[in-house]
Structures are given as structure tokens and as C-alpha cells.
Amino acid sequence: MTLNDEIIGIIYHPDYLLHTQDRHPERKERLEHINAALKKNIPQDRVQRMEPEPAEVDDIAMVHDRAYIQSIEEACRSGRGFLDLDTYIVPESYRVALLSAGGVLTGLRSVMDHEESSLKKSFAFNRPPGHHAERARAMGFCLFNNTAVAAEAARRDYGLERIAIVDWDVHHGNGTQHTFEDDPGVLFISTHQSPAYPGTGRVEETGRGRGEGFIVNIPLPAGAGDSEYKLAFEAVVVPILDQYKPELLIISAGQDAYHRDPLAGMSLSEGGYYYMAEQLAGAAERWTKGRMLLCLEGGYHLQGQAGVIVQVLNAIGGWGLPKAEQIREREPAGHIQRKLEQVIETQKAYWDL
Ligand SMILES: [Zn+2]
């Protein structure tokens, strides 16, 4: 079935491969596999490729302290090393991190300036990822918070008042939550494995002050798969998006909830990711004039993630390409349903669920 048969923007820069470390899960081979899969499996007339410029320091400074930005620049200048247990840098990392944020900004402009670009949806294949980066702290393979920069730029440059960020990475997007937790102008919805890294994202974390009710955490026990994510989308994610009525939908697209991912324990199939992407594209159709910006986060099974991304693009583009794995329907596991009921009970204070 063809939904809309759209042309999708693809943002990529060859220098994204320069930030890398052998044997580290977050290495350049992730993008090389994605590139190969996009070439092989996607009709090339369905995508429009764009190459970004680096973000300006002023762009990054909307969500990070200037002293922190400078400290990353200096650390990279002095060579290779680790900023925390698992977040490495190489001499090129500072420039590549600016280029990574620049990728989401290029994506943002492509979907907002629809008249010029004729694109409503773009996927930035940028590295390093961003959703764990805090205001003044690198962590979890992330240096600058790319989606947070995109949301702030959407407000600064286009005057948007309601932006939704949906984070389907298997890890909680702590940096994004902390950036916007007192801010009703950004709705943050995260599905993530719990317990797992980084340990935040409990059901009770619902925002603070004016932002109370605009953080929606859906922590799911290991083993959650297509049926449980489907239930979470039907019962929580989509109803809340439909009540918030965002003007732009940003996806922190991490493919590490895929069942073959080596760093996590979830059971999503390609079909499950297709379903989530299709649901979000539907919400975008209803509220954002179809505008949807996807930004690469995690995903560490090289072939697996590449296949998932082809299906995500297939879903949002409505291209009707064949799927290797269909959604796996089963009765959602009882203990996971109970966790979801807890989310619903908590979020009922803010939303009609
Ligand atoms: Zn992740």
C-alpha cells in the first residue's frame, strides 16, 4: 500500500567518518553500512541528498555552556582520549561534532523551507550522536546534543511554539530531557529499556515548573518487542502527540532497540520500526503539515541497523518496498503491560489517556 510516495531528504557528509575508533561500537562502520544499504535498497529518485556545513558555535551555545564547547575544542586539539568511560575523541572530533549538529540544522531547514526544497521529511545520517550530551558534559558517545540544537533553532529561526521530540533509541535521552524539562514549548517522549544506561527516564520524571507534563518517559523492561511498542504507541505516544498538536516532529532515531543489537536487550523487528515510523508520519500528516526530521542516534548491529533504516525511510516515504521482517504480533507480555499501565496512570494527570 502506498501512503504518499514522498521524496525524502538525506543528509550526510563524508567527514562523519573521521570521528572513529576501532572496536568501539560507535564507529564509522555504522555509517558505511547505512550508506551501502541506502544505495542498494532504495530507488535513488526517491531521495534528495544534501551535504551540511558545520554548525556555528552560537547554534551549539543555545543548549551547551560556551566553556564546555571550548573545552571540547581544546581536548580534541590535544589529541585522542576519553571524556568519560565510553566517550572517545580524536583530533577531528570537534569539527565533526559541529558538522553533526550542522547536519540536523540542514535537515531542519529542508523541512521548514518546504516551498524551496519540496521536502517534508529528512533524515540526517550524522555522527557523533547527541541525546546523552548534557549542558556541560559529554557522555554516552555524545558530544553535542543535535536534536536539542535543532529544536532550539526551530524556535529561533522559524518561531515555532510547539515542537515534539520522540526518542525511540533504546537508551533514555537524558540530555534532551534535561534541556527541556522546564519548557512547555518542547514535548519530549522517550521509549527506552529500563533498567539500562544511563539510568534516568523513570516514569515519575514528567518535567518541572512550566514544563510539568511535557516529559513523557516510557521505560520498558528488557525483552519488549513489536507488540509492546505497538501498545505504547497506541496508548501513550500517539494520543499525547494528537493532544499536543506539534508544529514540528523531531525523531531521535536510535536503532538499538532492534532485536539483534549487541548493546541492548529489546526485541523490535524491522516491521516494528516500520510501524513506529508510520505512526509518527501519520501524526506529522495531522499536525505538522507532514514535517518530520529524523536524526541518527544509536544502533550498533551494523547490517541490522542499516536494514531497519531502509524500512524507516520506506514507512515515512510510503514507498511500498518489500519488508524482510513483518511486525510480530503476540499478546503483550503481562509485566510490560503493567509497566505501561503505570505510565498511563502517571500521564493521566496531564493528558486524556
Ligand atoms: Zn542508544
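The values are calculated or read from the model by the stated rules, or taken from the named source; none is laboratory data. These numbers come from a predicted model, not from an experiment. Positions of Cβ are backbone-derived with ideal geometry, glycine not excepted, and every protein chain shown enters the neighbour counts. All accessible areas refer to the heavy atoms of the entire protein, side chains included, with ligands and DNA or RNA removed. Shrake-Rupley method; radii C 1.70, N 1.55, O 1.52, S 1.80 Å.
Observations, loosely collected:
- Against the conditions (1) of a type outside the set (A, V, I, L, M); (2) within 15 Å of the ligand (Cβ to nearest atom); (3) without any contact (Cβ under 8 Å) to a residue 24 or more places away in the chain, Arg202 satisfies every one except (2).
- Picking from residues in region 1-22 that are in a loop (DSSP other than H, G, I, E, B) and at pLDDT 95 or above, the one that is surrounded by the most Cβ atoms within 10 Å (Cβ to Cβ) is His19.
- Within region 75-122, being among the β-branched types (Val, Ile, Thr), out of contact with any strand residue (DSSP E or B) (no Cβ under 8 Å at 6 or more places or on another chain) and either loosely packed, with under 15 Cβ neighbours inside 10 Å or not in a helix (DSSP H, G or I) (or both) holds for one residue alone: Val90.
- Qualifying residue in region 240-249 (condition: farther than 22 Å from Thr346 by Cβ, touching a helix residue (DSSP H, G or I) at 6+ places or on another chain (Cβ under 7 Å) and not charged (D, E, K, R)): yes
- Scanning region 239-249 for residues that are open to solvent by less than 20 Å² (accessible area, probe 1.4 Å) and either within 16 Å of the ligand (Cβ to nearest atom) or assigned to a helix (DSSP H, G or I) (or both) yields Ile240, Leu241, Tyr244.
- Single match in Asp65, Asp59, Asp84, Asp45 (criterion: under 21 Å from the mean Cα position of the chain (by Cα) and either over 22 Å from Gly318 (Cβ atoms) or among the acidic types (Asp, Glu) (or both)): Asp59
- When Leu263, Leu231 are checked against the criterion of being outside any strand (DSSP E or B), more than 16 Å from the ligand (Cβ to nearest atom), open to solvent by 20 Å² or more (accessible area, probe 1.4 Å) and more than 28 Å from Glu152 (Cα to Cα), Leu231 stands alone in meeting it.
- Against the test of being more than 16 Å from the ligand (Cβ to nearest atom) and under 20 Å from the mean Cα position of the chain (by Cα), the options Gln347, Gln303 yield a single qualifying residue, Gln303.
- Counting the residues of region 50-62 that are in a loop (DSSP other than H, G, I, E, B) and open to solvent by 50 Å² or more (accessible area, probe 1.4 Å) gives 4.
- With respect to the conditions (1) of a type outside the set (Phe, Trp, Tyr); (2) more than 21 Å from Val343 (Cβ to Cβ); (3) within 16 Å of the ligand (Cβ to nearest atom); (4) open to solvent by 30 Å² or more (accessible area, probe 1.4 Å), Gly209 lacks only one, and its number is (3).
- Test: residue in region 289-298 that is of a type in the set (Lys, Arg) and more than 16 Å from the chain's Cα centre (by Cα): yes
- Pair list, Cβ < 6 Å and 6+ apart or interchain, from region 49-77 residues that are more than 16 Å from Glu152 (Cα to Cα) to residues that are part of a loop (DSSP other than H, G, I, E, B) and open to solvent by less than 50 Å² (accessible area, probe 1.4 Å): Glu51/His13; Pro52/His13; Ile72/Leu143
- Positions within region 23-34 being farther than 20 Å from Ala75 by Cβ and surrounded by 17 or more Cβ atoms within 10 Å (Cβ to Cβ), in sequence order: Pro25, Arg30, Leu31, His33, Ile34
A quick yes/no check of all residues on (1) buried (at least 23 other Cβ atoms within 10 Å of the Cβ); (2) within 16 Å of the ligand (Cβ to nearest atom); (3) modelled with pLDDT of 95 or more; (4) part of a helix (DSSP H, G or I):
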| site | (1), (2), (3), (4) |
| --- | --- |
| Pro129 | yes, yes, yes, no |
| Arg156 | no, no, yes, yes |
| Glu161 | no, no, yes, no |
| His178 | no, no, yes, yes |
| Asp183 | no, no, yes, no |
| Leu187 | yes, no, yes, no |
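- When each of Ile309, Ile316 is tested for being modelled with pLDDT of 95 or more, away from the ligand (no atom under 16 Å from the Cβ), of a type outside the set (D, E, K, R) and crowded, with 24+ Cβ neighbours inside 10 Å, the lone residue that passes is Ile316.
- Scanning region 63-70 turns up no residue that is modelled with pLDDT of 95 or more, within 16 Å of the ligand (Cβ to nearest atom) and assigned to a loop (DSSP other than H, G, I, E, B).
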